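Step one of this worksheet: look at the structure below.
The values are calculated or read from the model by the stated rules, or taken from the named source; none is laboratory data. Because the structure is a prediction, the values reported are computed rather than measured. When we count neighbours, we look across all protein chains shown, and the Cβ atoms used for this are built from the backbone with ideal geometry, even at glycine.
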Amino acid sequence: MTVFLTIIVLALLAVTGWQMSKIFQLSQGNQNVGNDSEVANDKDNRINGYLSIMFLIFLYVISIYCFWNYSEFYLPEASSAHGADYDTLMFITIALIMFVQVITQFLLFYFSNKYAGKKGQRALFYADNDKLEFIWTIIPVVVLAGLILYGLFTWSDIMNVEETEDTMVVELYAYQFAWRARYSGDDNTLGKANVRYIEGINALGVDPSDNYGKDDVITTELHLPVNKPVLFKFRSQDVLHSAYMPFFRAQMNVVPGMITQFGFTPTVTSEDIQESEFMIKKVRKINEIRRENSKDLVAKGEEPLDSYEFEYYLLCNKICGKSHYNMQMKIVVESEEDFNAWMAEQKTLSEELSAQASN
(Lines give C-alpha, C1' and ligand atoms only; values in the text may rest on other atoms or scores of the structure.)
Protein backbone atom coordinates (compact mmCIF):
# COMPACT_ATOMS: atom_id res chain seq x y z
CA MET A 1 0.00 0.00 0.00
CA THR A 2 2.86 2.39 0.85
CA VAL A 3 4.49 1.71 -2.53
CA PHE A 4 1.19 2.38 -4.32
CA LEU A 5 0.73 5.71 -2.52
CA THR A 6 4.32 6.67 -3.26
CA ILE A 7 3.78 6.01 -6.98
CA ILE A 8 0.61 8.15 -6.95
CA VAL A 9 2.42 11.03 -5.21
CA LEU A 10 5.32 10.90 -7.68
CA ALA A 11 2.89 10.82 -10.62
CA LEU A 12 1.03 13.84 -9.28
CA LEU A 13 4.31 15.71 -8.76
CA ALA A 14 5.29 14.93 -12.37
CA VAL A 15 1.95 16.21 -13.69
CA THR A 16 2.29 19.33 -11.52
CA GLY A 17 5.76 20.02 -12.88
CA TRP A 18 4.57 19.52 -16.46
CA GLN A 19 1.65 21.93 -16.00
CA MET A 20 3.88 24.52 -14.33
CA SER A 21 6.30 24.35 -17.27
CA LYS A 22 3.41 25.02 -19.68
CA ILE A 23 2.29 28.00 -17.60
CA PHE A 24 5.85 29.31 -17.61
CA GLN A 25 6.03 29.01 -21.41
CA LEU A 26 2.75 30.89 -21.79
CA SER A 27 3.93 33.64 -19.48
CA GLN A 28 7.05 34.08 -21.68
CA GLY A 29 4.94 34.52 -24.82
CA ASN A 30 6.69 31.65 -26.61
CA GLN A 31 3.57 29.71 -27.63
CA ASN A 32 3.09 28.67 -31.22
CA VAL A 33 0.44 30.26 -33.38
CA GLY A 34 -0.55 27.20 -35.44
CA ASN A 35 -2.92 24.34 -34.73
CA ASP A 36 -0.84 23.30 -31.72
CA SER A 37 -1.35 26.64 -30.02
CA GLU A 38 -2.01 26.60 -26.28
CA VAL A 39 -4.37 29.58 -26.67
CA ALA A 40 -8.05 28.61 -27.06
CA ASN A 41 -9.58 29.43 -30.44
CA ASP A 42 -13.23 29.76 -31.47
CA LYS A 43 -13.58 26.03 -32.05
CA ASP A 44 -12.21 25.24 -28.60
CA ASN A 45 -14.65 27.68 -27.01
CA ARG A 46 -17.62 26.18 -28.87
CA ILE A 47 -16.65 22.65 -27.83
CA ASN A 48 -16.25 23.68 -24.19
CA GLY A 49 -19.54 25.53 -24.32
CA TYR A 50 -21.36 22.41 -25.54
CA LEU A 51 -19.55 20.31 -22.93
CA SER A 52 -20.64 22.69 -20.19
CA ILE A 53 -24.30 22.32 -21.24
CA MET A 54 -23.90 18.54 -21.29
CA PHE A 55 -22.39 18.65 -17.81
CA LEU A 56 -25.30 20.80 -16.59
CA ILE A 57 -27.80 18.23 -17.90
CA PHE A 58 -25.78 15.42 -16.29
CA LEU A 59 -25.75 17.34 -12.99
CA TYR A 60 -29.53 17.73 -12.99
CA VAL A 61 -30.14 14.11 -14.01
CA ILE A 62 -27.81 12.66 -11.36
CA SER A 63 -29.33 14.94 -8.67
CA ILE A 64 -32.88 13.83 -9.52
CA TYR A 65 -31.76 10.20 -9.65
CA CYS A 66 -30.07 10.38 -6.24
CA PHE A 67 -33.04 12.09 -4.57
CA TRP A 68 -35.42 9.54 -6.03
CA ASN A 69 -33.38 6.35 -5.85
CA TYR A 70 -31.91 6.88 -2.39
CA SER A 71 -35.08 8.13 -0.72
CA GLU A 72 -35.36 4.71 0.94
CA PHE A 73 -32.48 5.71 3.19
CA TYR A 74 -34.41 8.63 4.67
CA LEU A 75 -35.42 8.28 8.28
CA PRO A 76 -39.14 7.74 8.94
CA GLU A 77 -41.27 10.31 10.73
CA ALA A 78 -39.72 11.41 14.01
CA SER A 79 -40.50 9.43 17.16
CA SER A 80 -40.45 12.53 19.37
CA ALA A 81 -42.76 15.49 19.85
CA HIS A 82 -40.22 18.08 18.69
CA GLY A 83 -39.08 15.98 15.70
CA ALA A 84 -41.71 17.40 13.34
CA ASP A 85 -40.39 20.96 13.85
CA TYR A 86 -36.85 19.72 13.36
CA ASP A 87 -37.72 17.98 10.09
CA THR A 88 -39.72 20.96 8.81
CA LEU A 89 -36.76 23.26 9.37
CA MET A 90 -34.42 20.84 7.57
CA PHE A 91 -36.74 20.35 4.57
CA ILE A 92 -37.30 24.10 4.17
CA THR A 93 -33.53 24.63 4.20
CA ILE A 94 -32.94 21.84 1.66
CA ALA A 95 -35.72 23.16 -0.60
CA LEU A 96 -34.25 26.68 -0.60
CA ILE A 97 -30.73 25.40 -1.24
CA MET A 98 -31.86 23.20 -4.13
CA PHE A 99 -33.98 26.02 -5.63
CA VAL A 100 -31.02 28.42 -5.59
CA GLN A 101 -28.63 25.70 -6.79
CA VAL A 102 -30.79 24.86 -9.82
CA ILE A 103 -31.07 28.52 -10.88
CA THR A 104 -27.46 29.53 -10.27
CA GLN A 105 -26.00 26.44 -11.98
CA PHE A 106 -28.25 26.99 -14.99
CA LEU A 107 -27.21 30.63 -15.30
CA LEU A 108 -23.53 29.78 -14.78
CA PHE A 109 -23.38 27.23 -17.60
CA TYR A 110 -25.87 29.00 -19.87
CA PHE A 111 -23.93 32.27 -19.88
CA SER A 112 -20.58 30.51 -20.20
CA ASN A 113 -21.94 28.96 -23.41
CA LYS A 114 -23.81 31.98 -24.73
CA TYR A 115 -20.94 34.40 -24.21
CA ALA A 116 -18.13 32.07 -25.24
CA GLY A 117 -15.02 33.85 -26.45
CA LYS A 118 -14.94 34.77 -30.13
CA LYS A 119 -12.19 36.49 -32.04
CA GLY A 120 -12.89 40.19 -32.27
CA GLN A 121 -15.80 40.08 -29.81
CA ARG A 122 -15.51 42.06 -26.60
CA ALA A 123 -17.65 41.17 -23.61
CA LEU A 124 -20.13 43.72 -22.28
CA PHE A 125 -19.61 44.41 -18.58
CA TYR A 126 -20.71 46.82 -15.86
CA ALA A 127 -17.97 48.58 -13.97
CA ASP A 128 -20.57 49.54 -11.38
CA ASN A 129 -24.31 48.83 -11.04
CA ASP A 130 -25.95 49.73 -7.73
CA LYS A 131 -29.28 48.14 -8.67
CA LEU A 132 -27.78 44.70 -9.41
CA GLU A 133 -25.59 44.82 -6.31
CA PHE A 134 -28.61 45.71 -4.19
CA ILE A 135 -30.65 42.80 -5.63
CA TRP A 136 -28.02 40.08 -5.16
CA THR A 137 -27.19 41.38 -1.68
CA ILE A 138 -30.63 41.99 -0.17
CA ILE A 139 -32.23 38.73 -1.36
CA PRO A 140 -29.68 36.43 0.37
CA VAL A 141 -29.78 38.64 3.47
CA VAL A 142 -33.57 38.40 3.76
CA VAL A 143 -33.63 34.63 3.09
CA LEU A 144 -30.78 33.85 5.50
CA ALA A 145 -32.24 36.13 8.18
CA GLY A 146 -35.59 34.33 7.87
CA LEU A 147 -33.91 30.92 8.13
CA ILE A 148 -31.82 31.98 11.11
CA LEU A 149 -34.78 33.48 12.98
CA TYR A 150 -36.95 30.43 12.29
CA GLY A 151 -34.08 28.20 13.36
CA LEU A 152 -33.51 30.16 16.56
CA PHE A 153 -37.16 29.96 17.59
CA THR A 154 -37.25 26.23 16.76
CA TRP A 155 -34.00 25.66 18.65
CA SER A 156 -35.33 27.60 21.64
CA ASP A 157 -38.53 25.53 21.74
CA ILE A 158 -36.51 22.29 21.59
CA MET A 159 -33.75 23.22 24.04
CA ASN A 160 -35.66 25.15 26.69
CA VAL A 161 -37.32 22.18 28.35
CA GLU A 162 -39.73 23.21 31.06
CA GLU A 163 -38.92 21.00 34.04
CA THR A 164 -42.19 20.19 35.83
CA GLU A 165 -43.32 17.51 38.26
CA ASP A 166 -44.28 15.32 35.27
CA THR A 167 -40.80 15.59 33.71
CA MET A 168 -38.70 12.49 34.23
CA VAL A 169 -35.01 13.19 34.88
CA VAL A 170 -32.47 10.72 33.49
CA GLU A 171 -28.70 10.95 33.40
CA LEU A 172 -26.81 9.47 30.46
CA TYR A 173 -23.24 8.67 31.42
CA ALA A 174 -20.63 8.10 28.68
CA TYR A 175 -17.27 6.38 28.97
CA GLN A 176 -15.01 4.48 26.61
CA PHE A 177 -16.82 2.58 25.18
CA ALA A 178 -20.32 2.24 26.64
CA TRP A 179 -23.28 4.10 28.12
CA ARG A 180 -25.06 3.93 31.45
CA ALA A 181 -28.43 5.42 32.37
CA ARG A 182 -29.22 6.75 35.86
CA TYR A 183 -32.85 7.32 36.81
CA SER A 184 -33.68 9.83 39.50
CA GLY A 185 -35.93 7.49 41.49
CA ASP A 186 -39.05 8.39 43.45
CA ASP A 187 -37.79 11.86 44.45
CA ASN A 188 -37.25 12.74 40.74
CA THR A 189 -33.91 14.33 41.69
CA LEU A 190 -30.54 12.96 40.71
CA GLY A 191 -27.95 12.66 43.46
CA LYS A 192 -24.67 14.54 43.20
CA ALA A 193 -21.89 12.73 41.39
CA ASN A 194 -18.16 13.07 40.83
CA VAL A 195 -15.58 10.78 39.25
CA ARG A 196 -13.69 10.76 42.57
CA TYR A 197 -16.47 8.60 44.06
CA ILE A 198 -16.14 5.87 41.42
CA GLU A 199 -15.48 2.64 43.26
CA GLY A 200 -16.77 -0.91 42.78
CA ILE A 201 -20.46 -1.00 41.97
CA ASN A 202 -20.62 2.80 42.05
CA ALA A 203 -19.36 3.10 38.46
CA LEU A 204 -20.95 6.53 37.90
CA GLY A 205 -19.40 8.18 40.94
CA VAL A 206 -22.64 9.02 42.77
CA ASP A 207 -21.97 10.74 46.11
CA PRO A 208 -22.90 8.09 48.72
CA SER A 209 -23.55 10.79 51.33
CA ASP A 210 -26.21 12.53 49.20
CA ASN A 211 -29.69 11.34 50.20
CA TYR A 212 -31.04 12.26 46.75
CA GLY A 213 -28.78 9.64 45.19
CA LYS A 214 -29.80 6.70 47.35
CA ASP A 215 -32.93 5.90 45.32
CA ASP A 216 -31.19 6.44 41.95
CA VAL A 217 -31.30 3.46 39.59
CA ILE A 218 -28.40 2.66 37.24
CA THR A 219 -29.10 0.51 34.16
CA THR A 220 -27.44 -0.64 30.94
CA GLU A 221 -30.65 -0.15 28.93
CA LEU A 222 -32.61 3.04 28.50
CA HIS A 223 -36.34 2.54 29.02
CA LEU A 224 -38.70 5.47 28.39
CA PRO A 225 -42.47 5.76 28.91
CA VAL A 226 -44.26 6.95 25.81
CA ASN A 227 -45.74 10.49 25.76
CA LYS A 228 -43.92 11.49 28.94
CA PRO A 229 -41.40 14.37 28.81
CA VAL A 230 -37.84 13.34 29.65
CA LEU A 231 -34.98 15.63 30.61
CA PHE A 232 -31.55 14.09 29.96
CA LYS A 233 -28.44 15.15 31.87
CA PHE A 234 -25.21 14.14 30.12
CA ARG A 235 -21.83 13.42 31.72
CA SER A 236 -18.60 12.00 30.33
CA GLN A 237 -15.96 10.15 32.31
CA ASP A 238 -13.04 10.46 29.90
CA VAL A 239 -13.21 12.11 26.45
CA LEU A 240 -15.67 14.06 24.34
CA HIS A 241 -18.62 11.90 23.28
CA SER A 242 -21.90 12.74 21.57
CA ALA A 243 -25.27 11.27 22.51
CA TYR A 244 -27.06 10.62 19.22
CA MET A 245 -30.63 9.32 18.96
CA PRO A 246 -31.49 9.76 15.25
CA PHE A 247 -35.08 8.48 15.35
CA PHE A 248 -35.86 11.02 18.08
CA ARG A 249 -33.98 13.81 16.24
CA ALA A 250 -31.80 14.32 19.31
CA GLN A 251 -28.09 14.87 19.70
CA MET A 252 -26.02 16.49 22.42
CA ASN A 253 -22.29 16.69 23.09
CA VAL A 254 -21.16 14.92 26.25
CA VAL A 255 -18.24 16.92 27.64
CA PRO A 256 -15.86 15.84 30.42
CA GLY A 257 -16.07 18.10 33.47
CA MET A 258 -19.49 19.58 32.74
CA ILE A 259 -23.17 18.63 32.52
CA THR A 260 -25.06 19.23 29.28
CA GLN A 261 -28.77 18.59 28.87
CA PHE A 262 -31.44 17.92 26.29
CA GLY A 263 -35.08 16.95 26.59
CA PHE A 264 -37.80 15.45 24.43
CA THR A 265 -41.06 13.53 24.63
CA PRO A 266 -41.04 10.10 22.91
CA THR A 267 -44.24 9.58 20.92
CA VAL A 268 -43.80 6.20 19.18
CA THR A 269 -43.21 2.98 21.12
CA SER A 270 -40.61 0.44 20.04
CA GLU A 271 -43.38 -2.01 19.21
CA ASP A 272 -45.29 0.49 17.07
CA ILE A 273 -42.29 1.48 14.94
CA GLN A 274 -41.32 -2.18 14.49
CA GLU A 275 -44.80 -2.83 13.07
CA SER A 276 -44.82 0.24 10.82
CA GLU A 277 -44.83 -0.26 7.05
CA PHE A 278 -41.54 1.63 6.68
CA MET A 279 -39.70 -0.53 9.20
CA ILE A 280 -41.18 -3.83 8.03
CA LYS A 281 -39.93 -3.10 4.50
CA LYS A 282 -36.52 -1.97 5.76
CA VAL A 283 -36.03 -5.02 8.00
CA ARG A 284 -37.10 -7.36 5.19
CA LYS A 285 -34.53 -5.85 2.82
CA ILE A 286 -31.73 -6.01 5.42
CA ASN A 287 -32.49 -9.65 6.16
CA GLU A 288 -32.45 -10.47 2.44
CA ILE A 289 -28.94 -8.98 2.24
CA ARG A 290 -27.89 -10.92 5.35
CA ARG A 291 -29.18 -14.18 3.92
CA GLU A 292 -27.19 -13.64 0.72
CA ASN A 293 -24.03 -12.81 2.68
CA SER A 294 -24.59 -15.82 4.94
CA LYS A 295 -24.31 -18.16 1.96
CA ASP A 296 -20.65 -17.21 1.50
CA LEU A 297 -20.00 -17.53 5.23
CA VAL A 298 -21.58 -21.00 5.40
CA ALA A 299 -19.57 -22.06 2.35
CA LYS A 300 -16.42 -21.11 4.26
CA GLY A 301 -17.56 -23.09 7.29
CA GLU A 302 -18.45 -20.00 9.34
CA GLU A 303 -21.62 -19.17 11.26
CA PRO A 304 -24.42 -17.44 9.29
CA LEU A 305 -25.49 -13.90 10.20
CA ASP A 306 -28.28 -13.51 12.75
CA SER A 307 -31.65 -12.21 11.64
CA TYR A 308 -31.95 -8.44 12.05
CA GLU A 309 -34.61 -6.89 14.30
CA PHE A 310 -35.02 -3.15 14.64
CA GLU A 311 -34.49 -1.44 17.98
CA TYR A 312 -33.97 2.17 19.00
CA TYR A 313 -30.36 2.83 20.00
CA LEU A 314 -28.36 5.54 21.70
CA LEU A 315 -25.14 5.97 19.69
CA CYS A 316 -21.91 7.90 20.12
CA ASN A 317 -21.49 10.34 17.24
CA LYS A 318 -17.92 11.40 18.05
CA ILE A 319 -14.90 9.34 17.04
CA CYS A 320 -13.84 8.65 20.63
CA GLY A 321 -11.43 5.74 20.17
CA LYS A 322 -10.88 2.32 18.64
CA SER A 323 -14.22 0.85 19.82
CA HIS A 324 -16.28 3.95 19.02
CA TYR A 325 -18.24 2.03 16.35
CA ASN A 326 -19.70 -0.27 19.02
CA MET A 327 -20.55 2.37 21.65
CA GLN A 328 -24.31 2.03 21.82
CA MET A 329 -27.15 1.39 24.23
CA LYS A 330 -30.57 -0.07 23.48
CA ILE A 331 -33.57 2.24 23.95
CA VAL A 332 -37.00 0.81 24.71
CA VAL A 333 -40.03 3.09 24.43
CA GLU A 334 -43.05 1.46 26.04
CA SER A 335 -46.31 2.14 27.81
CA GLU A 336 -46.15 3.69 31.27
CA GLU A 337 -47.45 0.45 32.80
CA ASP A 338 -44.68 -1.60 31.18
CA PHE A 339 -42.11 1.02 32.18
CA ASN A 340 -43.23 0.98 35.82
CA ALA A 341 -43.14 -2.83 35.83
CA TRP A 342 -39.58 -2.79 34.46
CA MET A 343 -38.49 -0.11 36.92
CA ALA A 344 -39.88 -2.15 39.84
CA GLU A 345 -37.47 -4.94 38.89
CA GLN A 346 -34.40 -2.66 39.12
CA LYS A 347 -32.34 -2.22 42.27
CA THR A 348 -31.62 1.23 43.65
CA LEU A 349 -28.05 2.40 44.17
CA SER A 350 -28.52 2.09 47.94
CA GLU A 351 -29.50 -1.55 47.54
CA GLU A 352 -26.55 -2.19 45.25
CA LEU A 353 -24.11 -0.58 47.69
CA SER A 354 -25.59 -2.53 50.60
CA ALA A 355 -25.20 -5.80 48.66
CA GLN A 356 -21.61 -4.88 47.83
CA ALA A 357 -20.82 -4.09 51.48
CA SER A 358 -22.33 -7.39 52.68
CA ASN A 359 -20.28 -9.31 50.12
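Are any residues in segment 157-183 under 20 Å from the mean Cα position of the chain (by Cα) and over 24 Å from residue 257 (Cβ atoms), and if so, which ones?
Initially, segment 157-183 is screened for residues under 20 Å from the mean Cα position of the chain (by Cα), giving 158-159, 172, 174, 177-179.
Answer for segment 157-183, where residues must be under 20 Å from the mean Cα position of the chain (by Cα) and over 24 Å from residue 257 (Cβ atoms): just 158.
Which members of segment 98-144 meet the condition of being under 40 Å from the mean Cα position of the chain (by Cα), of a type in the set (Ser, Thr, Tyr) and more than 25 Å from residue 55 (Cα to Cα)? Talk me through it step by step, then tell me what you get.
Restricting attention to segment 98-144, the residues satisfying the condition of being under 40 Å from the mean Cα position of the chain (by Cα) are 98-113, 132-144.
Narrowing the set further to residues that are of a type in the set (Ser, Thr, Tyr) leaves 104, 110, 112, 137.
Within segment 98-144, 137 is the sole residue that qualifies.
Please find, within segment 300-337, the residue that is nearest to residue 271 (Cα to Cα) out of those that are part of a helix (DSSP H, G or I) and free of Cβ contacts under 8 Å to residues at least 24 places away in the same chain. Steps first, answer last, please.
Step one: list which residues in segment 300-337 are part of a helix (DSSP H, G or I), which gives 324-326, 336-337.
So of that shortlist, the ones also free of Cβ contacts under 8 Å to residues at least 24 places away in the same chain come out as 325, 337.
Details: 325: 26, 337: 14 Å.
So the residue we want is 337.
Scan (1) within 22 Å of residue 80 (Cβ to Cβ); (2) modelled with pLDDT under 90 for the single condition residue 230 breaks and write down its number.
Every listed condition holds for residue 230 apart from (2).
For residue 255, indicate whether it is of a type outside the set (Gly, Ala, Ser) and either closer than 24 Å to residue 345 by Cα or more than 32 Å from the chain's Cα centre (by Cα) (or both).
Answer is no for this residue.
Determine whether segment 45-54 contains at least one residue that is part of a helix (DSSP H, G or I), within 18 Å of the chain's Cα centre (by Cα) and modelled with pLDDT under 90. Before you say what the answer is, go through the steps one by one.
So the first thing to find is which residues in segment 45-54 are part of a helix (DSSP H, G or I), and the list is 45-54.
The next check asks that each one be within 18 Å of the chain's Cα centre (by Cα); those that pass are none.
The answer is no, given that none of the residues of segment 45-54 is part of a helix (DSSP H, G or I), within 18 Å of the chain's Cα centre (by Cα) and modelled with pLDDT under 90.
From the residues in segment 229-260 that are closer than 15 Å to residue 177 by Cβ and β-branched (Val, Ile, Thr), which one is surrounded by the fewest Cβ atoms within 10 Å (Cβ to Cβ)?
Top of the filtered list is 239.
Would you mind stating whether residue 337 is under 23 Å from the mean Cα position of the chain (by Cα) and either among the β-branched types (Val, Ile, Thr) or modelled with pLDDT of 90 or more (or both)?
For residue 337, the condition - under 23 Å from the mean Cα position of the chain (by Cα) and either among the β-branched types (Val, Ile, Thr) or modelled with pLDDT of 90 or more (or both) - is not met.
Looking only at segment 79-91, decide whether some residue is outside any helix (DSSP H, G or I) and either aliphatic (A, V, I, L, M) or loosely packed, with under 13 Cβ neighbours inside 10 Å (or both).
Yes, the conditions are met somewhere in segment 79-91.
May I ask you to list the residues in segment 122-132 that are surrounded by 10 or more Cβ atoms within 10 Å (Cβ to Cβ) and assigned to a loop (DSSP other than H, G, I, E, B)?
Across segment 122-132, the qualifying residue is only 129.
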